[in-house]
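**Q** Sharing a structure with you now.
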Amino acid sequence: MSDPTEANGTAGAAEAAESGGAGARHVRVVLVDDHRMFRTGVQAEIGRTEQTGVEVVGEAADVDQAVTVITATRPEVVLLDVHLPGGGGVEVLRRCAPLMADPEQPVRFLALSVSDAAEDVIGVIRGGARGYVTKTITGTDLVDSIFRVQDGDAVFSPRLAGFVLDAFASTDAPPVDEDLDRLTQREREVLRLIARGYAYKEIAKQLFISVKTVESHVSAVLRKLQLSNRHELTRWATARRLV
């Protein structure tokens, strides 16, 4: 986690630390991600409540668990992965819409994902999320982003903010790509990383899956798109501006 472009500064986190961390500010957070090791890492990074002011009150690995935990704990902020078993982050947002609309105790969502694809960003923002940061964000910037979302601000990295501005400035609906629609969300993630030149081991590490699973996803993508090798796959993805 080390991308200096994420969020928009660390002043809020620094002020909290200088004035006593949790004693000055406090936010209750639920972590939603289907990778247990990643949740553990985030918990260790930001969940030191006395220092950060962040209290992790629940975790979930899929859509159903997320809705149950969020409803039971009513956190101020949910860190939400985009790609989840059971329908993805958009489905969590849809089912939690009444909680987001609560005027007295709104639950706010901040997407935290490995994906930086425009369609993923736009999808969750249209679903009601207040911001979107990628998993390269630093722990300090993530804490700052959580507090800003708690305050009702919108939080994006500059590049992702551009996607949102372009999408909402356009009056035309995005075209439907039937070939791309054949792929699952995980297959799309693997496709983009392959097209960017990542080796299978690098993809496995970034997505918290095994090399064998990466190979299976690549085979499925090639079959569904009727392509023969990763070079054809890269050309296909580049032509659609997915890289």
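**Q** Please tell me if Glu50 is more than 21 Å from Phe156 (Cα to Cα), over 18 Å from the mean Cα position of the chain (by Cα) and surrounded by fewer than 20 Cβ atoms within 10 Å (Cβ to Cβ).
**A** yes
**Q** Within the range 172-188, can one find any residue that is assigned to a helix (DSSP H, G or I), modelled with pLDDT of 90 or more and polar (S, T, N, Q)?
**A** Looking through the range 172-188, none of the residues is assigned to a helix (DSSP H, G or I), modelled with pLDDT of 90 or more and polar (S, T, N, Q).
**Q** Which residue is nearest to Ser113 (Cα to Cα), if the candidates are limited to the range 43-70 and must be free of Cβ contacts under 8 Å to residues at least 40 places away in the same chain and of a type in the set (Val, Ile, Thr)?
**A** Per the stated criteria, the residue is Val63.
**Q** With respect to Ala13, determine if the residue is at pLDDT below 95 and more than 15 Å from Leu110 (Cβ to Cβ).
**A** no
**Q** Give the residues of the range 212-243 that are surrounded by fewer than 18 Cβ atoms within 10 Å (Cβ to Cβ), under 18 Å from Lys201 (Cα atoms) and among the aliphatic types (A, V, I, L, M), sorted by residue number.
**A** Ala220
**Q** Considering only the range 73-91, I want to know if a residue exists there that is of a type in the set (S, T, N, Q), in the same structural domain as Ser145 (by TED's automatic domain parsing) and at pLDDT below 90.
**A** no
**Q** From the list Gly152, Gly139, Gly128, exactly one residue is touching an Asp or Glu at 6+ places or on another chain (Cβ under 7 Å), over 23 Å from Ala195 (Cβ atoms), surrounded by fewer than 23 Cβ atoms within 10 Å (Cβ to Cβ) and in the same structural domain as Arg25 (by TED's automatic domain parsing). Which is it?
**A** Gly139 is the lone residue from the list that is touching an Asp or Glu at 6+ places or on another chain (Cβ under 7 Å), over 23 Å from Ala195 (Cβ atoms), surrounded by fewer than 23 Cβ atoms within 10 Å (Cβ to Cβ) and in the same structural domain as Arg25 (by TED's automatic domain parsing).
**Q** Can you tell me how many residues within the range 19-41 are modelled with pLDDT of 95 or more and of a type in the set (A, V, I, L, M, F, W, C)?
**A** So the count comes out to 5.
**Q** So which residues in the range 109-148 are charged (D, E, K, R) and touching a Gly at 6+ places or on another chain (Cβ under 9 Å), if there are any at all?
**A** Scanning the range 109-148 gives Asp120, Arg130, Asp141, Asp144, Arg148.
The values are calculated or read from the model by the stated rules, or taken from the named source; none is laboratory data. Values in this document were obtained by computation on a predicted structure and should not be read as measured data. We place every Cβ from the backbone using ideal geometry, glycine too, and count neighbours over all the protein chains shown.
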